[in-house]
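Visitor: Sharing a structure here in structure tokens format.
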Amino acid sequence: MNLLVLFLLPIWFLSISLSSAILHTASPISVSQYSANAQAESPGMQVVRIVHHQNLNKRILVALIVCSSFLGGTFLFLSYVWFCRHKNLWSSSSKSQGIMEVAKGEALSSVNAKLNYSKMADKNSSVAIFDFQLLESATNNFCKSNIMGETGSRIVYRARFDEHFEVAVKKADSDADREFENEVSWLSKIRHQNIIKLLGYCIHGESRFLVYELMENGSLETQLHGPNIRSSLSWYLRLRIAVDVARALEYLHEHCNPPVVHRDLKSSNVLLDSNFNAKLSDFGLAISSGVQHKNMKMSGTLGYVAPEYISHGKLTDKSDVYAFGVVLLELLTGRKPMENMSSNQYQSLVSWAMPQLTDRTKLPSILDPFIRNTMDLKHLYQVAAVAVLCVQPEPSYRPLITDVLHSLIPLVPVELGGSLRATEPVRSENLN
């Protein structure tokens, strides 16, 4: 507004000068002046000229109207320019702050000022860019006490922004930029109830950070093989976890266009929320099914990788089905996918379990002690049969994940999600 006043002051002075000039040209000449002039021109004859004040008043009025109109128009024009300028500044400021959607639709007013939106390949999707100082503060300078999990060089921290908003921050591998970009690309487009929600990311120097919704119960691997081993995972909870993972894979294989192969399904990438609902995470190795990928290096985790991928580099959606079968065996037995037999010898869970899975007399003995004798044996036989089909060496013998899902859902109580109807509508999604 001060700038507007500075613009108007010169115009106001100009208007006053203009009025003075007009009034000066319209000022009356006195009678005595006219008389003196008349005597000089015609001696002996006195001429008196009368100035008509009515004409003078009209001239003054016209001058005032012109000046007022000029000044008023200029004021309105500059006011409009000032208003438009500040409206644009306010609009751009609002967009830069953004409003990030988070789990359960909570508005994060204390965080919005630090977030900007970055549009990804899909025009309808966006992820937030987090300020590094914000993450540093929320994790208490990445304190060890805030570490939720650690896999190799990947560390997951709990970050607390305020009493209503906590997230998980994963520090990605410093030499895995391609995986980092791949995960941001996929998760910015994929939306499903059983796939982890990516809230944003941060790039700080050589460091890369991914910000996810918080999954309070950590990973399935931690629950099964960690220090607080599996005591809270009942038989029905394990079945529901299997159904949740199968739903996520069905969405990737059947409802995405093109279909997506996860490539790294394992228990450490199955995350559990406060109610033990499972969500699939870590899409750094995910690829489009049926698309030729040049120079694609062989990746995966020993114990979960399908035989045809190891021997021939062949990768299809059936590779994910094999890894799902291994996770199902973990849920049944409580054992790791690779067991250390000696200093340099390992035995895979599949090779150990297969002979006993098909023998009903031996099957109960290989179950995790925490769930043994807690289920209907008919249900146990059915789950074991599904696991055996999933880990078949020949991919053509493995079922589609849709068939797996339809086999497991009836075994789960309805109140725990044992229904063919998902809690969120499944829709086909074009990821191109």
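Only the coordinates and a few stated rules stand behind these numbers; no lab work does. These figures come from a predicted structure and were not determined experimentally. Positions of Cβ are generated from backbone atoms using ideal geometry, with glycine treated the same way; all protein chains shown enter the neighbour counts.
Visitor: Could you give the length gained on full extension between H406 and Y80, defined as 0.36 nm per residue of separation minus the Cα-Cα distance, in nm?
Guide: Additional length available on full extension: 110.9 nm.
Visitor: Given K189/K266; K197/K318; K197/K378; K170/K336; K197/K266, which pairs have Cα atoms separated by over 28 Å?
Guide: As for pairs spanning more than 28 Å Cα to Cα, those are K197/K378.
Visitor: Can you tell me what the convex hull of the Cα atoms of the stretch 270-377 projects to on average, as an area in nm²?
Guide: 9.7 nm²
Visitor: Pull out a ≥ b ≥ c, the square roots of the eigenvalues of the alpha-carbon gyration tensor of the stretch 357-417, then state rounded if a/c is under 1.5, prolate if not and a/b is larger than b/c, and oblate in the remaining case.
Guide: oblate
Visitor: Label points 7 Å out from Cα along the Cβ direction at D175 and E150: separation in nm?
Guide: 1.9 nm
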